[in-house]
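Encoded as structure tokens, the structure appears first; notes follow it.
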Amino acid sequence: MQIIKVENLKKHYDYYQKDQGLKNSFKNMVKRKKLKKEAVNGITFNVNAGEIVGFIGPNGAGKTTTLKMLSGILYPTSGIATVGGYIPWERKKAFKMGFSIVMGQKTQLNWDLPAVESFNLNKYIYEVDDTEFKRTVDELIEILEVEPLLKTQVRRLSLGERMKMELIAALVHRPKIIFLDEPTIGLDFISQKTIREFIRRYNEETGATILLTSHYMNDIESLCKRAIIINDGLLIYDGNLADIAANSDASIEEAIEKMYNNAESESIERR
Amino acid sequence: MSEIRKHLRVYGMFAKTSLMQQLEYRANFIIGIITECAWLCTKLLYAFIVHRTGVEIGGLSPDQITLFVGTFILLTALYTGIFMNNLGSIPWRVRRGDLDLMLVKPISTQFHLTMREVEFATPIPNIIGGVITVAVSWSRIGLEAGFVNIVAYILLILLGITLAYSFFLVPCLLTFWTVKVRALVEIVYNCWDFNSMPMQIYGKWIQRLGVFLFPVFVIANFPVMALFNSLSPFYLIWGLIAPIGLFIIVSKMFNSAIKKYSSAGG
Amino acid sequence: MKAIKKYYTVYTLAMQSVMQYKTDFFISLVSGGFTIIIQFFLWTAIYGASENPQLFGFEYAQMVTYVVMAGIMGKYISTGFEYEIMEDIMEGNLNRFFVQPIGHLPYRLFGFLGVKTMENAMVILISAALLGIIGITAGIQYSVMNIVLVLLIAPFSLLINCMLFYCLSVTNFWLTWGWGVFNGARVVTTILSGGIFPLDVFGETALAVLKFLPFQYIVYFPLSVVVGRVTGMDVIYGVLIQIFWIIAFYLLSRVLWKIGMKRYIAARG
């Protein structure tokens, strides 16, 4: 069953360019050169229920923008997407109840309080009943081994510990679909491994569909069978991760780098 | 109905976490109370002056003016406790990207963004001072307000807070369209002090302006006028329409602000 | 001579940087304007309703002039360096004053006065316009002599307030109470210095007690000169007391700073 369907999704921004200097500031007040950035420029893919799909691409390729559109945070410029049967940017309550997004660069935890308080708040926000909440959270606490940290204010936690809490807060309502935007960013090797193992285990046990972006190929290689590679807002590969480097001696990383370069020269040719 | 109950429960959690958070910083909490006591003194000073001179202003005796001041203090307690910090922090919350994670939550985004924090320290002196001021001046006047008047008083206080919320939210929302709104936000907020004395001290034209065009006078004047039976039916209707109407308009504006954010964003 | 030149440079540099504070300055002007409007209407209503032409010893024209000028004085004497000093102390920025041959107090004070000079030139212009408008609408005659006098006295008021807040900022060596305390202190000093209402409204006893405190020499005294309630030799006495308080606070700040600095060095090494 295809739980995420994306068809020709585009997101273009307008922005203004300003040349250096005061004179140009005045020029800009009168007439601005409007420029268009094609953050996501028509991508199409589907994801089956229960899959873990790795989203790969260099900085500014459009990964986060795509995840934000699939979460309903941003409206697309054009294109269609359904997530769990809903159009995300209609922001239906039933849609919000069934998915979760974790952004490595942002926190939903209350900085000054122990993480448990934020879990509790989410319990009310997601209308989880007491017994189920207790069961879910206890289980997650056990797997992630954060029991001793529960009484510590979030601001005193290490980055890795904080990310574990972030994951628990995002999973309180047992979402069927999970978007993880660089969940291991800035973490040390050990924490990365723990988080990675947790994601795999969670996927196996609950059958949740997971879309994951990461800068670390380790994350993708150990978690995802399938990879979607985007560059410059365009989808340049969608298929088995193993196939990327199948026909050469190069490592996956090298193969992907080659792919970026090819895509770039193609786009130059097109112009 | 169940949605309202849910939001009330979530609000309970907002209040609980806010209180815990504020108690983490004890020194700030205590200084907040002390500073607010000083502000409370300046508000009471106005009532004190009127008492010392003993004159009637616009048909209001010093005790009646004191009752007005007490009501204004109560309104200040409610506004600072429920809304002030939230509205003030909208611009930087939006710039910091907190809104992203609010948009994915299955609760009203407007509720989430504008009511997330509950302030506990500063309202404490105002609630105590306000209740005492109202009670003392009430008994000195020997006010025999009927049940209807008291209901109208409380209702108009709540509507006054709603009006203040909508009125002060407008400049904060402009942050979605342009970045530099701080000056405007603060200047509009300073209009709050126009309620430190009854509107009778101003001329007819300023009164009309402050009732109909920039309805700041409605916030504190109308509840007290209802108590003294001096609120004309026309004003009473305006006192109902203005807060509700402005709230609807501001909610619409909030939605288009969010739309703007989602369309540009990134 | 070199030292003077050094601080003069700090002063002029700050004068040029004044533009970066212009938003805050504008906001405080407008909100100060609101208070003035409220006060003006309040007293007009009170005097209109009162049978007595004199209240608290003030005629209508004197009272209106006082409260309007009090709003303006509040802006004229306002400080703003206390947040920077608090940060200096709490964030450990003081270390550079060990290595650079410049004192902390003169550095902050002259820098601040540079900003202040520009702002207060503006404040004086605005108040001249405001007093003109009110004078015409309310039919008030001002004494030119008194206005010249107050222009001479006001800088002393500013200095008292600066030294007062400087002492308060220095207490951050011991107590990390954040910016909230400055707001609280500002409200209290404004009330006690007669920055909202003339101190006469508090009655004889309060007036007698306040004589021995520095606050009334910040606003109440210069404005009493403007409305002609303090004249002749009393003006000179008042200025001498102002100077006394400036020196007293200066000495206090030196003592506090020395003790605090020892603590700062002991804590940070």
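Tabulated data
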| read-out | value |
| --- | --- |
| Residue in region A:240-271 that is surrounded by the fewest Cβ atoms within 10 Å (Cβ to Cβ), counting only those that are in contact with a strand residue (DSSP E or B) (Cβ under 8 Å, 6 or more places away or on another chain) and over 19 Å from A:Gly62 (Cβ atoms) | A:Asn240 |
| Some residue of region C:134-144 being assigned to a helix (DSSP H, G or I), crowded, with 17+ Cβ neighbours inside 10 Å and in contact (Cβ under 8 Å) with a residue 40 or more places away in the chain | yes |
| Wholly within region A:34-131, helices (runs of 4 or more DSSP H) carrying at least 1 residues that are in contact with a Lys or Arg (Cβ under 8 Å, 6 or more places away or on another chain) and without any contact (Cβ under 8 Å) to a residue 24 or more places away in the chain | A:115-125 |
| Members of region C:86-110 that are aliphatic (A, V, I, L, M) and exposed (fewer than 12 other Cβ atoms within 10 Å of the Cβ) | C:Val99 |
| Boolean, A:Met103 is within 8 Å of chain B (Cβ to nearest Cβ) and at pLDDT 95 or above | no |
| Residue in region A:146-165 that is of a type in the set (S, T, N, Q), part of a strand (DSSP E or B) and closer than 30 Å to B:Gln21 by Cβ present | yes |
| Given (1) under 22 Å from B:Thr42 (Cα atoms); (2) surrounded by 18 or more Cβ atoms within 10 Å (Cβ to Cβ), index of the condition B:Val118 fails | (1) |
| Residue ID - farthest from the other protein chains (Cβ to nearest Cβ), chosen from residues in region B:191-213 that are outside any helix (DSSP H, G or I) and under 17 Å from C:Thr35 (Cβ atoms) | B:Pro198 |
| Unique residue being free of Cβ contacts under 8 Å to residues at least 24 places away in the same chain and within 14 Å of chain C (Cβ to nearest Cβ) when the list is B:Gly32, B:Gly97, B:Gly54, B:Gly58 | B:Gly54 |
| Residue match in region B:63-76 (condition: at pLDDT 95 or above, touching a Lys or Arg at 6+ places or on another chain (Cβ under 8 Å) and within 8 Å of another protein chain (Cβ to nearest Cβ)) | no |
| C:Leu158 under 27 Å from C:Met15 (Cα atoms) and in contact with a Lys or Arg (Cβ under 9 Å, 6 or more places away or on another chain) | yes |
| Elements of type helices (runs of 4 or more DSSP H) contained in region B:1-79, each with 3 or more residues being surrounded by fewer than 18 Cβ atoms within 10 Å (Cβ to Cβ) | B:2-24, B:26-53 |
| Residue match in region B:192-209 (condition: crowded, with 16+ Cβ neighbours inside 10 Å, touching a Phe, Trp or Tyr at 6+ places or on another chain (Cβ under 9 Å) and closer than 23 Å to B:Phe14 by Cα) | no |
| Residues of region A:203-214 that turn out to be without any contact (Cβ under 8 Å) to a residue 40 or more places away in the chain and either in contact with a Phe, Trp or Tyr (Cβ under 7 Å, 6 or more places away or on another chain) or farther than 19 Å from A:Ile4 by Cα (or both), as a count | 1 |
| Matching entry among C:Gln20, C:Gln54, C:Gln39 (being out of contact with any strand residue (DSSP E or B) (no Cβ under 8 Å at 6 or more places or on another chain), surrounded by fewer than 17 Cβ atoms within 10 Å (Cβ to Cβ) and modelled with pLDDT of 80 or more) | C:Gln54 |
| Where a residue in region B:243-265 is assigned to a helix (DSSP H, G or I) and its partner, wherever it lies, is among the hydrophobic types (A, V, I, L, M, F, W, C) and exposed (fewer than 14 other Cβ atoms within 10 Å of the Cβ), with Cβ under 8 Å and at least six apart | B:Ala257/B:Trp177; B:Lys260/B:Trp177 |
| Subset of region A:235-271 [among the hydrophobic types (A, V, I, L, M, F, W, C) and in contact (Cβ under 8 Å) with a residue 24 or more places away in the chain] | A:Leu235, A:Ile236, A:Leu241, A:Ile252, A:Ile256, A:Met259, A:Ala263 |
| Flag if C:Glu82 is surrounded by 16 or more Cβ atoms within 10 Å (Cβ to Cβ), over 19 Å from C:Leu13 (Cβ atoms) and acidic (Asp, Glu) | yes |
| Lone qualifier among B:Leu240, B:Leu163, B:Leu227, B:Leu169 - being among the hydrophobic types (A, V, I, L, M, F, W, C), over 16 Å from the mean Cα position of the chain (by Cα) and more than 14 Å from chain C (Cβ to nearest Cβ) | B:Leu227 |
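Yes/no per residue for (1) assigned to a helix (DSSP H, G or I); (2) in contact with a strand residue (DSSP E or B) (Cβ under 9 Å, 6 or more places away or on another chain); (3) more than 30 Å from B:Ser196 (Cβ to Cβ); (4) away from chain B (no Cβ under 14 Å):
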| residue | (1), (2), (3), (4) |
| --- | --- |
| C:Leu109 | yes, no, yes, yes |
| C:Phe112 | yes, no, yes, yes |
| C:Val123 | yes, no, no, yes |
| C:Cys167 | yes, no, yes, yes |
| C:Asn172 | yes, no, yes, no |
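Yes/no per residue for (1) within 12 Å of chain B (Cβ to nearest Cβ); (2) surrounded by fewer than 22 Cβ atoms within 10 Å (Cβ to Cβ); (3) farther than 23 Å from B:Ala47 by Cα:
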site	(1), (2), (3)
C:Val188	yes, yes, no
C:Ile191	yes, yes, no
C:Lys211	no, yes, yes
C:Val219	no, no, no
C:Pro222	no, no, yes
C:Thr231	no, yes, yes
C:Gly238	no, yes, yes
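Results for (1) more than 24 Å from B:Pro62 (Cα to Cα); (2) within 14 Å of chain A (Cβ to nearest Cβ), shown as yes or no for each residue.
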{"residue": "B:Ile90", "(1), (2)": "yes, no"}
{"residue": "B:Met115", "(1), (2)": "yes, yes"}
{"residue": "B:Thr133", "(1), (2)": "no, no"}
{"residue": "B:Val136", "(1), (2)": "no, no"}
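The rows are residues; the columns are (1) more than 17 Å from the chain's Cα centre (by Cα); (2) more than 10 Å from every other protein chain (Cβ to nearest Cβ); (3) surrounded by fewer than 17 Cβ atoms within 10 Å (Cβ to Cβ).
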| residue | (1), (2), (3) |
| --- | --- |
| B:Val151 | yes, yes, yes |
| B:Tyr189 | no, no, no |
| B:Val216 | no, yes, no |
| B:Ile244 | no, yes, yes |
| B:Lys259 | yes, no, yes |
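The rows are residues; the columns are (1) of a type in the set (S, T, N, Q); (2) more than 14 Å from chain B (Cβ to nearest Cβ).
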position	(1), (2)
A:Ala115	no, no
A:Ser118	yes, no
A:Glu127	no, no
A:Asp130	no, no
A:Pro175	no, no
A:Phe179	no, no
A:Thr184	yes, yes
A:Asp188	no, yes
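The values are calculated or read from the model by the stated rules, or taken from the named source; none is laboratory data. Note that the structure is predicted; figures quoted are calculated from it, not measured. For neighbour counting, all protein chains shown are included, and Cβ atoms are generated from backbone atoms with ideal geometry for every residue, glycine included.
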